[in-house]
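Participant: This is the structure I have questions about; it appears just below.
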Amino acid sequence: MAENPVALIDLTTQRDRIRSRIDATIAKVLAHGRFIMGPEIEELEARLCAFTGARHCISCSSGTDALALHLMARGVGPGDAVFVPDFTFVSTAEVVIWLGATPYFVDVLPDSFNIDLTSLEVGIEDARKRGLHPKGVIPVDLFGQPVDYRTLLPLAERHGLFVLSDAAQSFGASLDGQPVGRFGEATATSFYPSKPLGCYGDGGALFTDDDDLADTIRSLRIHGQGTSQYDNIRVGMNGRMDTLQAAILLAKMDVFSEELAARSEVATRYEESLHDVVQTPRLTEGAVSAWAQYTLVLEQRDKVRAACQAAGVATAVYYPIPLSRQKAYANCPCVPGGVPVAERLSETVLSLPMHPYLDQAAQERVAAAVRKGVA
Ligand SMILES: *Cc1c(COP(=O)(O)O)cnc(C)c1O
């Protein structure tokens with residue numbers, strides 16, 4: 001008797017749970033017909049401000065565009081170095097190149113998988129020697145865990161770097177009780193469907209407490225508009241979120257806090273059933289993760305993957321190639337001494353099924369498969 005496969009992410013159970021809310025909110029948008037910058041956009045931005053405590057929320061077309069909008073607003077350009085961890089999704093570095101600036105790769109930590117500040121300092125020094133102007137850093141809250149901003153923020157300030165937090169995976173997380181969204185001068189997040197808070201298409205948002213920065217980003221989001229639609233005071237982009245996506249996010253916000261708690265429970269159950277046989281995720285003191293992914297470090301990854309596959313358990317490798325090894329980024333500078341941790345992680349990480357509706361029976365099957373793989 002074949003059991004149902006255990007999927008990495010299950011969006012169907014959530015949709016069934018909130019279907020009437022989703023249907024009603026979509027119907028409302030169809031009725032008013034304001035598909036671009038409709039009232040749900042402002043409503044969502046206010047709701048996200050309340051959730052994070054940030055002064056401004058600017059919704060936009062994707063997490064990638066959120067990152068780019070900040071760099072555009074900051075006037076990042078040729079000759080500027082922007083430091084990024086080597087172990088992340090490609091967007092973090094891609095947007096730096098859009099602006100003609102140089103992404104500079106630094107290593108990550110073996111336990112949290114987040115940016116290594118020692119490596120960052122070596123990189124800043126080296127960038128100067130190469131004649132680059134160290135302009136900013138984009139720390140990534142990988143797999144949902146906030147970077148240790150308690151140490152990153154003072155370091156960045158000492159070196160005159162802006163901090164643009166890439167919270168595409170960590171919306172809903174917190175550090176020392178403070179929600180993600182206010183660490184650094186701006187925070188970018190993504191509502192790609194599989195992120196902890198996802199819409200039904202592409203979407204993203206930027207958060208900042210800085211009034212001028214927020215004004216500039218709002219203008220850039222709509223083709224650099226000034227006081228009216230056909231007044232263009234800077235070169236911008238078409239970076240708006242669709243009203244329909246905002247409406248869907250509003251419906252999902254109603255259950256988001258509950259879902260975050262459920263993700264934490266899933267993580268706790270994994271920890272209990274696996275910590276004695278594999279390296280389970282380590283949270284920094286004071287950190288609450290949004291658990292976008294539950295990621296193990298395994299010496300025998302292939303064996304575990306095979307055991308999971310045989311048991312009908314989906315797994316994924318985020319990320320199999322560090323960015324500095326990617327063809328498109330091979331010419332970008334990388335910290336002297338290299339990125340041994342990022343390289344090792346790319347060969348040893350394995351993400352397990354993780355979503356708020358993963359029940360105990362399914363989790364036991366996952367744990368049994370992992371244990372079989374390492375035996
Ligand atoms: C998903 C993701 C992004 C990009 O978000 P999109 O909405 O897909 O553009 C950026 N950075 C990280 C770390 C991500 O995981």
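Participant: How do the pairs read when you match residues in region 200-228 that are assigned to a loop (DSSP other than H, G, I, E, B) with residues anywhere that are within 16 Å of the ligand (Cβ to nearest atom) and of a type in the set (Val, Ile, Thr), using Cβ under 9 Å and keeping only pairs 6 or more apart or on different chains?
Facilitator: Close Cβ pairs satisfying both conditions: Tyr200/Ile248; Gly201/Ile248; Asp202/Thr64; Gly203/Ile248.
Participant: Condition first: of a type in the set (A, V, I, L, M) and in contact with an Asp or Glu (Cβ under 9 Å, 6 or more places away or on another chain). Now tell me which residues in region 284-296 satisfy that.
Facilitator: First pass over region 284-296, keeping only residues of a type in the set (A, V, I, L, M): 287-288, 290, 292, 296.
Ala287, Ala290, Ala292, listed by residue number.
Participant: Just a yes or no: is a residue in region 5-12 in a helix (DSSP H, G or I) and either surrounded by 14 or more Cβ atoms within 10 Å (Cβ to Cβ) or hydroxyl-bearing (Ser, Thr, Tyr) (or both)? Before the answer, list the steps.
Facilitator: Just the residues of region 5-12 that are in a helix (DSSP H, G or I), to begin with: 12.
Still in the list and also either surrounded by 14 or more Cβ atoms within 10 Å (Cβ to Cβ) or hydroxyl-bearing (Ser, Thr, Tyr) (or both): 12.
Yes, that holds for at least one residue.
Participant: Identify, please: which residue in region 168-208 is touching a Pro at 6+ places or on another chain (Cβ under 8 Å) and under 15 Å from Cys60 (Cβ atoms) and is, among those, surrounded by the fewest Cβ atoms within 10 Å (Cβ to Cβ)?
Facilitator: First, the residues of region 168-208 that are touching a Pro at 6+ places or on another chain (Cβ under 8 Å): 169-175, 180, 183-184, 199-201.
Now drop any that are not under 15 Å from Cys60 (Cβ atoms), which leaves 171, 199, 201.
Numbers: Phe171: 31, Cys199: 24, Gly201: 15.
Top of the filtered list is Gly201.
Results for (1) more than 30 Å from Glu347 (Cα to Cα); (2) not in a helix (DSSP H, G or I), shown as yes or no for each residue.
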| position | (1), (2) |
| --- | --- |
| Leu48 | yes, no |
| Phe51 | yes, no |
| Ala54 | yes, yes |
| Ile58 | yes, yes |
| Asp65 | no, no |
| Leu71 | yes, no |
| Val76 | yes, yes |
| Val82 | no, yes |
| Phe89 | no, yes |
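Participant: Within region 237-259, does at least one residue satisfy the condition of being under 17 Å from the mean Cα position of the chain (by Cα) and of a type in the set (S, T, N, Q)?
Facilitator: no
Participant: So, one more: For region 154-186, how many residues meet the condition of being touching a residue at least 60 places away in the same chain (Cβ under 8 Å), over 20 Å from Ala251 (Cα atoms) and within 12 Å of the ligand (Cβ to nearest atom)?
Facilitator: 2
Participant: Being within 17 Å of Ala46 (Cα to Cα) and not aromatic (Phe, Trp, Tyr) is the filter here; which residues of region 200-229 pass it?
Facilitator: First, pick out the residues of region 200-229 that are within 17 Å of Ala46 (Cα to Cα): 203-211, 214-215, 217-218.
Selection gives Gly203, Gly204, Ala205, Leu206, Thr208, Asp209, Asp210, Asp211, Ala214, Asp215, Ile217, Arg218.
Participant: Within region 115-153, can you find the residues that are in a loop (DSSP other than H, G, I, E, B) and away from the ligand (no atom under 16 Å from the Cβ)?
Facilitator: We begin by selecting, within region 115-153, every residue in a loop (DSSP other than H, G, I, E, B); these are 116, 130-132, 138-139, 141, 145-148.
Hits for region 115-153 are Asp116, Arg130, Gly131, Leu132, Asp148.
Participant: When you look at Pro320, is it assigned to a loop (DSSP other than H, G, I, E, B) and either in contact with a Ser or Thr (Cβ under 7 Å, 6 or more places away or on another chain) or within 30 Å of Val180 (Cα to Cα) (or both), yes or no? Before the answer, list the steps.
Facilitator: On the way: assigned to a loop (DSSP other than H, G, I, E, B): yes; either in contact with a Ser or Thr (Cβ under 7 Å, 6 or more places away or on another chain) or within 30 Å of Val180 (Cα to Cα) (or both): yes.
Taking the combined requirement at face value, the residue satisfies it.
Participant: With the requirement that a residue be among the aliphatic types (A, V, I, L, M) and either assigned to a loop (DSSP other than H, G, I, E, B) or crowded, with 17+ Cβ neighbours inside 10 Å (or both), what does region 230-262 give you?
Facilitator: Result: Ile233, Val235, Met237, Met241, Leu244, Ala246, Ala247, Ile248, Leu249, Leu250, Ala251, Leu260.
Participant: Within region 270-294, can you find the residues that are within 13 Å of Pro353 (Cβ to Cβ) and either touching a Pro at 6+ places or on another chain (Cβ under 6 Å) or surrounded by fewer than 16 Cβ atoms within 10 Å (Cβ to Cβ) (or both)?
Facilitator: Passing the criteria: only Ala292.
Participant: Would you point out the residue of region 336-375, among those that are surrounded by 19 or more Cβ atoms within 10 Å (Cβ to Cβ) and touching an Asp or Glu at 6+ places or on another chain (Cβ under 6 Å), that is nearest to Val6 (Cα to Cα)?
Facilitator: Ranking the qualifying residues of region 336-375, first place goes to His355.
All of the numbers you see were taken from the coordinates with simple rules; none came from a lab. Everything numeric here is computed off the predicted structure, so don't read it as measured data. Methodologically, a virtual Cβ is constructed for each residue, glycine included, from the backbone with ideal geometry; neighbour enumeration extends over all protein chains shown.
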